Structures are given as C-alpha cells and as structure tokens.
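Below is one structure; the comments refer to it alone.
The values are calculated or read from the model by the stated rules, or taken from the named source; none is laboratory data. In this text the structure is predicted, and so the values were computed from the model without any measurement. Please note: Cβ atoms are built from the backbone with ideal geometry, for glycine as well, and neighbour counts cover all protein chains shown.
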Amino acid sequence: MTVESLNRQRVLHLLDSFARGDIEAALSCCTDDVDFLTHAPIDVLPHMVPRHGKAELRALWETIWSRYSDIRYKAPHILADGDEVATYMHTYFRKRSNDRIVQFDMAVFYSFRGGLVAQIREIIDSYDLVQQVLEREIGPLILGALVPRD
C-alpha cells in the first residue's frame, strides 16, 4: 500500500468518525498539536476561529455537534500526494433547532506528520453557508450596508 492510499484511508476514517459523532476517534487521527483553519465569517460563526491542539479542536467539534443532530458527507474527489490529501466534499448538517438541512460544498486540505493529521485547512462557500445558517437572504443586507444613506 502506498503512502498516498494509506493517507487517503486515514482521512476517510477521520471523516467517518466525525460524521457518526465519535469525536474521540476523530481526534485520535490527529497530532497533539493539530492546527485547524477555516475560511468562514467568524462574526456570524464565532466558533470557527482558528484552533490549535486537540483540546481546541475538540471544543470546536463539540460545539458543532451541539448545534447539529446529523452530519453526512460525500467526498467525490480525494487526491493524495505523499503526506498531503485534498478533498472536495458535499456536506449535510441537520440543525437541532428545527431539523432543517444546511448543505454546502467545501474543499479540505490535510497534512500528515508521522501518520497523523497535523494540519486541516477548509475552504467553504461561506456566503451560501451563512444564508442557510441564518435562514435568510443576506444579499439585501450587504447591499444596504454598501449604499450611502442621505
């Protein structure tokens, strides 16, 4: 088995563990000093600030699971090159508050060290995500803030 196929399987194990709510199993796939960064508007999603280390990543994942009752994903594209793995995913989160599904696409990049995930970088369509989380169209809000008032 190549390092690429092994790391691909490691990412799938982490994703499957997280999707079934087994945060400890997902964290066991990571180094103690794992570094997490996502590109999301933290004024709307304050829990999405950068995280460093398992304790901070655990807190993030626990917050996510406190807000969503079901998490699913499809990963149609997973590319591995040595200790780097890139995924393109369709994700589905069911809100605990009203059972609505928040669905969005994301690209996630993983870097490995010693067979464990040492770095996670996410790129999300945050415009679409924010609209779904807030359950309202945000275009008029943005445009209203940009239009000068007399």
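Quick notes on this one:
- Candidates 21, 53, filtered to the one that is modelled with pLDDT of 95 or more, touching a strand residue (DSSP E or B) at 6+ places or on another chain (Cβ under 8 Å) and closer than 23 Å to residue 97 by Cα: 21
- Of the criteria (1) more than 18 Å from residue 129 (Cβ to Cβ); (2) surrounded by 15 or more Cβ atoms within 10 Å (Cβ to Cβ), which one residue 18 fails: (1)
Each row is one residue, and each column tells you yes or no for (1) in a helix (DSSP H, G or I); (2) in contact with a His (Cβ under 8 Å, 6 or more places away or on another chain).
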| position | (1), (2) |
| --- | --- |
| 34 | no, yes |
| 42 | no, no |
| 64 | yes, yes |
| 70 | no, no |
| 73 | no, yes |
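- Any strands (runs of 3 or more DSSP E) falling wholly within region 80-133 and containing at least 1 residues that are more than 27 Å from residue 33 (Cα to Cα) and either in contact with a strand residue (DSSP E or B) (Cβ under 6 Å, 6 or more places away or on another chain) or of a type in the set (Lys, Arg) (or both): 84-95, 101-113
- Just one of (1) in contact (Cβ under 8 Å) with a residue 60 or more places away in the chain; (2) under 18 Å from residue 17 (Cβ atoms); (3) over 15 Å from the mean Cα position of the chain (by Cα) fails for residue 83. It is (2).
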